[in-house]
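Okay, so here's the structure we're looking at.
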Amino acid sequence: MANTLDQSVSKRRTFAIISHPDAGKTTITEQLLLYGGIVREAGTVKGKKSGNFAKSDWMEIEQKRGISVTSSVMQFDYQGKRINILDTPGHEDFSEDTYRTLMAVDSAVMVIDAAKGIEAQTKKLFKICKMRGIPIFTFMNKMDRDSRDPMELISQLEDVLGIEGYPMNWPIGSGRVLRGLYDRYNKRVALYRPDENSEKYLPLDDDGNLTVASDLPDDEVYQDAKSNMDLIQEAGNQFDLDKIKSGDQTPVFFGSALANFGVETFLNAYLDFAPEPGEHENTLDDTEVEPDNQEFSGFIFKIQANMNPRHRDRIAFVRVCSGEFDRGMDVVLQRTDKKLRLSNVTEFVANTRENVEKAVAGDIIGLYDTGNFQIGDTIFNGKQAVKFPPLPQFTPELFMRVSAKNVMKQKSFHKGIHQLVQEGAVQLYTTYSTGDYILGAVGQLQFEVFQFRMQNEYNSEVVMEPLGHKTARWIRPDQLDEKMSSSRNILVRDIHDQPLFLFENAFAERWFHDKYPDVELMTKL
Ligand code: G4P
């Protein structure tokens, strides 16, 4: 038994794709699903593009935006591995959920638009992966278009993100002169758009020279790629698996998701190095819960509401950390010490397979929730009580002042706001001076969801006044002085009663620092 569980766990690879909007996350996801036999043609993941992806009766906002919850977790089998891809929405859908999803993966794939380099959202998401110390694999996308100098892209990784890049392949040209990929890992050149009758790959000898005659012109473009590869071989970073595992080095793959060029090679190499599910800390006794431990445990990293007002149910997404999940099993919810039966469950299996295995460490299950769960909750079913570390709170960047439209409906307003905050939908701050409520979020969508749910679930219409971007800085409670508050630096308390300032901008923060040099301003991630 232990053996079969261990075998099942070692097959799991659970990751998220991090990228800036438009870098090609959807396109590469679709290609990966094609390899997994999940979709038959590219262009089917985003409902808005093809309109033929199964729609379920999920959150109305999500439907309007054409995102389907089934794409929140995508599972497929490939080369004996079971792969779970967790979606991290980009665009205006960016939210704390996006960050929290990164708490539930074992590695990340970073997709970068090679013409644009590292962009803002990638930086933010990378920071979370770095904090967790998980392996990150990089795909430099859109090489079928004119790209930046590949050398510059590699140095950007180090300069902007502080991670060493180790190129696994090198582009031979880009855009219209893209000829192929010089693949040092597989010791071959992959040809871009070879003739129908030609080989896709040309083998290289140990010195990196082509061993067969080919039509690949030995011109400046080829020589340039080869000399760059030689230079990197001589003077670049050494391949270091320990550094990859700790997230200090990233293997870099160039390619084109749209042309499906370099994607398969990437997937295969990724599977060679991506980690299987690891252990998780049990904070109750400072031990580690091993993934092949027979007793089931998991934690909730995301709660998604079903916006249908007639059923108020939500789905709690559980990352399985150990044991096997069985439909109908009893678990203990650690926070309340209450027993629950898990009968109403969704497993995120993207295709129908005959022998659906049970969910084990690395897999994600969705529990229909009628208000039992909170973000960060641990559930377990063994004799040994388990509590996983709390999920980090992310510093919001966008703020809204919020009040009830109808002053006679204060009760439902307060109830709704407190429940939604507890659930992790938004963060709540209260001004010291007037006791006003200010909501904080990392993305605009969180406010929209909040407003929608207040109306639909709590029958409370709210008035929202945007305060825009602000920088949150905590101060020590003993340095609190309400006189320091102004419209450019609003003094508020968080839900733990800790004081902080919301600064209008960096200038306001500097001004404050000059005026009150003794007040220590602290960032919290
Ligand atoms: P995202 O999920 O990261 O936001 O990106 P997505 O895959 O939707 O790709 C964004 C656009 O970039 C799409 O253009 C897509 O076809 C294109 N794209 C993705 N990968 C490649 C690539 O390797 N090469 C080239 N040339 N283009 C690529 P689009 O369909 O025109 O959509 P849109 O930009 O109108 O939304």
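Can you say what percent of the DSSP beta bridges in the chain, counting only those with both residues inside, are antiparallel? Round to 5.
Roughly 75 percent of the beta bridges in the chain run antiparallel, per DSSP.
Report the charge-dipole magnitude of the stretch 105-234 in Debye, nearest 20, computed about the Cα centre from +1 at each Lys and Arg Cβ and -1 at each Asp and Glu Cβ.
Using only the charged Cβ atoms, the result is roughly 880 debye.
For ASN505 paired with LEU480, estimate the spin-label separation in nm (one decimal), with each label point 7 Å from Cα along the Cα-to-Cβ line.
My value for the distance between the label points is 3.0 nm.
In debye, nearest 20, what is the charge dipole magnitude of the chain about its Cα centre with +1 on Lys and Arg Cβ and -1 on Asp and Glu Cβ, if you could check?
So the dipole magnitude of the chain works out to roughly 2200 debye.
Calculate the dipole size of the stretch 369-500 relative to its Cα centre from +1 charges on Lys and Arg beta carbons and -1 charges on Asp and Glu beta carbons; express the result in debye to the nearest 20.
100
Between the helical axis of 506-515 and the dominant principal axis of the chain, each derived from Cα atoms, what acute angle in degrees is found, rounded to the nearest 10?
50
Relative to the longest principal axis of the C-alpha atoms of the chain, give the angle of the C-alpha long axis of helix 2-11, reported between 0 and 90° and rounded to the nearest 10°.
Compared with the principal axis, the helix lies near 70 degrees.
HN-Hα J couplings of the stretch 135-141 from phi, Karplus 6.51/-1.76/1.60, θ = phi - 60°, integer Hz, Gly and Pro as x?
After applying 6.51 cos²θ - 1.76 cosθ + 1.60, I find x, 10, 10, 10, 10, 8, 9 Hz.
Please turn the phi angles of the stretch 196-208 into ³J(HN,Hα) values with the Karplus equation 6.51 cos²θ - 1.76 cosθ + 1.60 (θ = phi - 60°), one per residue in order, whole Hz, x for glycine and proline.
Working through the residues one at a time gives 3, 8, 8, 6, 7, 10, 10, x, 10, 7, 5, 8, x Hz.
Which one, PRO203, VAL331, LEU467, projects farthest toward the positive side of the charge dipole computed for the chain from Cβ point charges (K/R +1, D/E -1)?
So the residue we want is LEU467.
For the stretch 174-328, count all C-alpha to C-alpha pairs, find those more than 27 Å apart, and express that count as a whole percent of the total.
Of all Cα-Cα distances in the stretch 174-328, 50 percent exceed 27 Å.
Go through TYR432, LEU5, LEU86 and say which Cα lies farthest out towards the positive end of the charge dipole of the chain; charges sit on Cβ, +1 for Lys and Arg, -1 for Asp and Glu.
TYR432
May I have the extent of the alpha carbons of the chain along their three principal axes, as whole Å values ordered from largest to smallest?
Here the spans come out as 82, 60, 47 Å, largest first.
Put +1 on the Cβ of each Lys and Arg and -1 on the Cβ of each Asp and Glu in the chain; which of GLY236, TYR458, THR250 then has its Cα farthest toward the positive end of the dipole?
Most positive-ward Cα: TYR458.
Give the range of the longest stretch in the chain that excludes all trypsin sites (Lys or Arg not before Pro) found in loop regions by DSSP and having at most 10 other beta-carbon atoms within 10 Å.
41-309
May I ask which of LYS25/LYS524; LYS25/LYS383; LYS358/LYS411; LYS339/LYS409; LYS387/LYS415; LYS123/LYS226 have a Cα-Cα span longer than 32 Å here?
Among LYS25/LYS524; LYS25/LYS383; LYS358/LYS411; LYS339/LYS409; LYS387/LYS415; LYS123/LYS226, the Cα-Cα distance tops 32 Å for LYS25/LYS383; LYS358/LYS411; LYS339/LYS409.
What is the helix-to-structure angle for 410-423, meaning the angle in degrees between its Cα long axis and the longest Cα principal axis of the chain, kept from 0 to 90 and rounded to the nearest 10?
30
Where a number appears in this text, it was derived from the coordinates with a stated rule and is not lab data. Everything quoted here is computed from the prediction, not taken from an experiment. All Cβ positions, even for glycine, are placed from backbone atoms using ideal geometry, and neighbour counts span all protein chains on display.
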